[in-house]
Every structure is written in C-alpha cells, then in structure tokens.
1. Within the bounds of segment B:9-29, is there any residue that is surrounded by 14 or more Cβ atoms within 10 Å (Cβ to Cβ), in contact with a strand residue (DSSP E or B) (Cβ under 9 Å, 6 or more places away or on another chain), modelled with pLDDT of 95 or more and under 14 Å from residue B:122 (Cα atoms)?
2. From the list B:64, B:87, which residue is away from chain A (no Cβ under 14 Å), under 19 Å from the mean Cα position of the chain (by Cα) and not in a loop (DSSP other than H, G, I, E, B)?
3. Which residues, taken from segment B:345-364, are within 13 Å of chain A (Cβ to nearest Cβ) and assigned to a strand (DSSP E or B)?
4. Given the conditions (1) in contact with a strand residue (DSSP E or B) (Cβ under 7 Å, 6 or more places away or on another chain); (2) in a helix (DSSP H, G or I), and given that residue A:331 satisfies all but one, which numbered condition is not satisfied?
5. Just one of the numbered conditions (1) within 25 Å of residue A:380 (Cα to Cα); (2) over 18 Å from the mean Cα position of the chain (by Cα); (3) in contact (Cβ under 8 Å) with a residue 40 or more places away in the chain is not true of residue A:338; which one?
6. Quick one: which residue in A:191, A:166 is farther than 23 Å from residue A:239 by Cα and in the same structural domain as residue A:272 (by the TED database)?
7. From the list A:357, A:389, A:344, A:325, which residue is at negative phi, surrounded by fewer than 20 Cβ atoms within 10 Å (Cβ to Cβ) and without any contact (Cβ under 8 Å) to a residue 12 or more places away in the chain?
8. May I ask you to list the residues in segment A:245-282 that are buried (at least 19 other Cβ atoms within 10 Å of the Cβ), in contact (Cβ under 8 Å) with a residue 40 or more places away in the chain and within 15 Å of residue A:219 (Cβ to Cβ)?
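The values are calculated or read from the model by the stated rules, or taken from the named source; none is laboratory data. Note that the structure is a prediction, hence the values are computed from the model and not measured. Note that each Cβ is placed from the backbone with ideal geometry, even for glycine, and that neighbours are counted across all protein chains shown.
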C-alpha cells in the first residue's frame with residue numbers, strides 16, 4: 001500500500017478510535033452511580049433508556065481492557081474495565097442456573113434472558129483481558145467459566161440451537177463464528193488451553209456446513225446436515241456477518257501462516273461481497289436472499305453500521321495478506337461509503353441505522369445492540385494492522 | 001357523504017375485494033394437495049415458502065366463510081372455508097397441551113409455537129362463521145373452545161403476558177383489542193353468550209390502562225398498573241394498531257347506540273392520527289415514540305399495508321357516525337395515499353412493505369403475517385358500511 005494512503009488511513013482509524021469513539025462512550029456511557037455502562041444513547045449522548053444490555057456490559061469492559069493492554073496502559077481505561085467487570089459479577093448472572101441475563105435494569109435487576117447464550121462470550125473476552133491486565137486469578141477463572149458455559153449451552157441445549165421444533169433442526173453461523181473470535185481473544189489474553197481446538201472445530205463446521213462452493217455462497221442458516229433449506233430463514237443471507245467471519249479466518253490464517261485458511265477467508269469475502277454490496281447505492285445490505293427472492297425481514301435493505309465495519313476490516317486484511325488490488329479497491333469503496341454516511345459531524349461517533357439510500361433512519365447512537373464494539377474494534381484492528389502487523 | 005363519492009368508493013372497495021383480492025388468493029393461495037392455505041407468495045403469486053402460518057389458516061378460513069355468509073352463499077367460498085377448517089382441525093393443534101401452533105410445514109408438521117396465543121382467536125372466528133354457514137355443532141364447539149383457550153392463555157400464563165421477567169410486568173393493547181374483535185365476530189356468528197361481558201371488560205381495560213387523556217395518547221404497552229414505562233418498549237406507539245382498536249370501539253358504539261363508546265373511539269383516532277400520520281410523505285408510520293425520541297425497532301418509519309387499511313376503516317366509520325368533515329378529509333387522505341402506493345397494477349393485490357417515502361421495499365404479496373385479512377376485511381367492511389349499514 002502506498003505510504004501516503006497508509007498514513008492517511010492510520011490517522012482516520014487511530015484518531016477516530018481515540019478522539020471520537022472512545023471519548024464519546026467515556027463521556028456518555030459510564031454509569032458512575034449504579035456501575036456498568038449505559039449504551040441506549042440519543043444522538044447527543046443523552047441516555048434514553050436506562051436498561052443495560054449484558055452483551056454491551058461485556059463488550060465495553062473488553063474494549064477498555066483491550067485498549068489498556070494494547071494501546072497504552074492508561075489507568076482510566078483499566079479502572080473502566082474493572083468498573084464493568086464488577087457490574088458483570090454482581091448483576092449479570094442468574095444464580096438459579098449460572099447463565100447470564102440478556103437485559104437488566106439500571107440497578108441490575110434482571111429483565112430478560114434469551115434462549116441463546118451470547119452474553120457469556122462477550123463476558124469471557126472481557127474477563128480475559130482483565131486477567132491479562134491485572135494478573136488476578138478471579139478474572140482468569142471467570143473467563144474460562146463463561147467461555148465453557150457459552151460453548152456448553154450452545155452445544156447441548158436444544159433450545160439454544162434453534163427457535164424451531166425438532167421438525168426442522170437448523171444450525172446457524174453465529175455460534176462457530178463467535179467461538180472462533182472468542183477463542184482467538186482468550187488464547188491471546190489468558191492462553192486458553194483448548195483455544196486452537198475450538199477454532200479448528202469451528203472452522204471445520206463452517207467449511208463443512210456453511211460454505212457452498214457450487215453456488216459461491218456462505219449460508220447463514222442451514223439444516224442440521226448442512227442442506228440448504230428452501231424457506232425464508234434458510235435462504236436468508238447475512239453478508240456482513242459472513243464477511244466478519246471471513247476476516248476471523250484471514251486473521252487466523254495470518255497468525256498460523258496457513259495459506260489454506262487465507263484462501264477460504266478470501267473466498268468467503270469474494271462470494272459475499274458480490275452478494276451483499278449494493279451496486280445501486282453503495283454499502284453492504286443487511287439481508288439478501290440466496291436466489292434473489294424477497295426476504296422476509298423488514299429491514300433487509302437497510303444499511304447498519306456494523307456490516308460496514310466488518311467489511312472494511314475484511315477487505316483491508318485480504319489486501320494486506322494477498323496484495324491483490326481488487327481488495328484495495330473494495331476496501332476503498334467500503335471505507336469511503338461508510339465514512340461519508342455514518343459519522344455524526346455534530347456530536348461524534350457513528351449513526352447506526354441508515355435507509356438503503358444512505359439517508360438517516362434513526363438518530364440513535366446506541367441501544368442494547370449498538371455500543372462501543374464493532375466500530376472501535378474496526379478502528380483498533382485496522383490501525384494496528386497498518387501500523388504494526390503489516391507495517 | 002356525496003352520493004357520487006359514495007358510489008365511487010363502494011365500487012373501489014367491492015371490486016377490489018371480489019375481482020382483485022379474493023381472486024388473487026383463490027388462484028394462488030389454496031393448497032389443493034396438502035390442504036389449508038399457502039400465503040408466502042411472491043409478487044406474481046408464486047409460492048416462495050411452503051410453510052403455513054396458523055394465523056393465516058384461521059384468517060383465510062374466516063374470510064371465505066364470512067364472504068359466504070354475508071356477501072353471497074357461493075358454494076366455492078363455503079368449500080374453501082371447510083378446506084381451511086379441516087387443515088386447522090388436523091394439523092394446527094398440539095395434542096400435548098391443546099394449544100395451537102404458530103407455524104407448520106406444508107404437510108402440517110409443527111415448526112413453531114409462540115409464547116402468546118393469537119392462532120386461537122383467528123381459528124375461533126373461522127370456526128364461528130363455519131358454524132353459522134353449516135349449522136354444525138362441531139364448528140360451534142371448536143369456536144367456543146378456541147376462544148376460551150385464547151382468553152385463558154392470555155389471562156393466566158405469565159409467559160404470555162410479557163417477554164420480560166417479573167421485574168417489569170407489562171400489559172399490551174393486543175390482547176384486549178383482539179378480544180373485542182373476536183367476541184364481536186362470535187356474537188354475530190354463534191351468539192357467544194358472554195361476548196358482551198368480554199367486550200365490556202376489554203374496553204374497560206383499554207380505557208383504564210392504555211388511554212392517556214393528559215398527553216392525548218393510546219399507549220401500546222404499559223406497566224401492569226397502567227403507568228408509562230420510560231423505556232424503549234414502553235414509549236413505542238403503534239398508531240395503526242391503536243387506530244384499528246379505535247374502529248372496533250366505534251363499531252361497538254354503533255351496534256349498541258352508545259355515544260360514549262363512539263366518543264372514545266373518535267378520541268383514540270384523533271390522538272393517533274396526529275401522532276402516526278406522516279406529514280412529510282403521507283401514510284401511517286409503523287412506530288413512533290411517545291416523546292418523539294428515536295424508536296428501537298428498525299422498521300419504525302416504514303409503511304406497511306395494514307395500518308393503512310385500518311386507518312381507512314377508522315376514518316370512514318368516524319365520518320359515517322359523526323358526520324364530521326375532518327374525518328372525511330382524513331379518510332380521503334388515507335384512502336388516496338394507500339391506493340396510489342400499495343396496489344400492484346401488474347399482478348393484483350397489494351404490496352405489503354414500502355419505505356417511508358412510499359417506494360417499494362419488498363415485492364412479497366404474503367408471508368406468515370400478510371395474508372388475505374386486513375385488506376379484504378377493509379374492503380368488505382367499508383363496502384358494507386357505505387352500501388348497507390349507513391346507506
């Protein structure tokens with residue numbers, strides 16, 4: 001990559017991370033009174049819902065600990081991570097079954113649990129970074145415990161596996177994908193012993209059941225045996241999600257110097273860029289149908305922030321790994337479209353929800369799903385790749 | 001109403017019902033092989049998902065029996081209603097607890113049950129009309145039984161009442177509203193004994209907990225004691241739904257000659273027209289926030305077909321009952337906007353899902369939620385009001 005372009009990009013990602021994203025959430029998202037983080041914020045950072053998403057408690061905690069461990073050991077960041085972990089410890093576990101809640105009140109009273117268990121994986125990476133930051137065994141134990149609960153629940157609970165009855169058993173990409181990312185994080189933070197096994201198993205699952213070379217597609221949801229289900233749910237593709245999975249594999253391929261993993265990651269990216277990039281308006285569409293039929297989800301053609309974040313990362317990493325100009329071009333398009341539509345010049349951070357044509361659908365800066373995760377992770381990873389890993 | 005306008009409208013509604021809507025579904029939606037109805041149809045009527053929604057099995061059955069009982073006793077319509085009821089009888093009940101499924105395969109194997117019980121109320125009105133059409137006690141008994149299960153489940157099941165834990169118990173408008181409409185139907189079809197009691201109780205519930213004169217608003221979801229919950233779910237209004245409730249009350253007021261009910265219905269319509277009508281692009285918005293804050297649901301500003309159908313009915317009925325020109329004007333706007341954006345000139349019926357600006361979001365003609373219900377009910381009710389009840 002041309003050094004001028006590289007330096008420009010480093011500046012956009014680094015300054016975006018430190019001066020905009022992190023600063024927005026540090027100013028507006030920390031609940032100094034009740035602990036934990038408030039992520040349901042209006043455009044200017046005003047709290048518009050005091051409920052706390054447990055995913056976001058884990059993700060915020062992870063982010064601050066990650067920044068402390070990798071960017072610089074700022075005491076503020078460490079204290080914010082401890083602040084988050086304390087709330088997780090005190091309020092986010094259901095003592096009756098050890099599972100984590102999905103949503104709690106500002107004070108930490110339980111509101112909702114979900115049939116799946118993703119709160120656990122975000123808590124795991126948060127505890128893992130804190131173990132690394134502090135050396136405390138408590139955090140290390142919690143990291144291992146929440147990771148085990150995450151995989152156990154997803155593997156053993158019939159309920160977690162599918163919202164359907166036994167008539168149509170399905171498997172989703174979410175579990176193996178998040179297992180890869182979580183195990184990658186825990187390998188790096190606490191040296192999780194079986195991390196490589198989990199990553200291998202998850203990659204094998206994705207390759208066996210979700211990749212369809214004959215139609216050049218990554219299927220989000222398939223039958224338990226990998227067959228394509230010719231129903232709305234089975235045909236619905238989530239290109240941004242598959243592209244996120246692509247860079248998890250590319251990164252693993254880089255760390256292991258495994259050309260075959262890099263090839264698979266590029267394949268996933270190629271297929272889903274072609275299916276998900278909106279040639280009319282730009283940006284990655286939320287859902288598309290594998291056969292081009294109408295999708296059932298109402299927001300199928302909207303532009304959410306996170307698929308754009310993940311596409312920026314995947315295209316950048318593919319280019320850095322292969323040198324292929326095609327990926328540099330895609331990265332330029334994805335980076336350019338996202339940066340010209342999502343950032344809020346007035347109050348900072350990014351909007352989350354645009355219409356297909358790029359116009360604003362909602363002024364929300366956060367809710368139970370949008371918090372400081374995809375955007376700052378993109379800014380941090382892209383910066384470190386450009387400045388360190390692929391310098 | 002000016003007789004020319006009245007005759008124009010009668011023609012639009014009657015011809016729309018008989019020559020377009022009913023004909024579309026009779027041609028494309030009847031599963032001659034496995035029984036029941038297929039409602040997941042593409043623009044041209046092609047089946048794109050063979051799964052069957054149980055709501056739609058009940059609604060289709062109701063529609064054909066209703067047409068047979070009220071429009072003309074066509075044998076085809078009676079046979080289609082019996083065809084639907086047979087599928088309901090054979091495949092839509094879970095023998096383990098007597099509750100109805102939400103979704104079954106084309107052959108009738110169960111796929112999904114929901115925590116709430118709305119399949120039951122649509123089955124009840126279907127069985128009721130068939131009891132009236134055939135005089136068979138089986139249908140009458142089924143109508144009473146499914147209605148009782150509908151109210152019992154919604155009143156007694158903690159799970160049905162709320163997706164939340166006991167920390168924040170909520171109540172929604174859906175249950176009392178649908179109870180009114182279901183009891184109105186069953187009173188007329190099978191002379192359901194306690195229909196008036198259920199209607200009175202439901203209206204009292206809506207008045208006590210959901211109507212907020214101080215802020216001129218119908219709240220969709222409130223705390224169990226009626227307090228406004230200052231969270232996303234509590235602030236989110238569903239104007240089209242509240243307006244649907246408004247005409248249920250207006251109609252009851254008409255049948256009982258109860259001025260107070262008509263006043264309440266008009267009030268609900270007035271409040272929610274002002275909050276839900278999109279002054280920028282026209283049409284009723286899907287969700288709005290009671291304080292004008294961002295809504296969490298992604299499709300908040302889309303235009304769905306059914307809120308427009310219900311608004312056409314409510315404004316028309318309010319005008320016919322009160323003579324108020326304001327309602328004639330609102331009816332003209334709602335009728336005009338809907339009829340210039342939703343009908344598919346090429347393949348018939350209405351599209352279901354438009355963007356805020358009226359552009360097409362999805363070409364779907366039906367799915368598990370959209371079938372022949374809101375549109376033909378609007379066409380039938382508006383036609384009969386103009387030609388018979390308020391001639």
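1. no
2. B:64
3. B:353, B:354, B:360, B:361, B:362
4. The single condition residue A:331 does not satisfy is (1).
5. Condition not satisfied by residue A:338: (2).
6. A:191
7. Only one candidate qualifies: A:325.
8. Passing the criteria: A:245, A:246, A:264, A:268, A:271, A:272, A:275.
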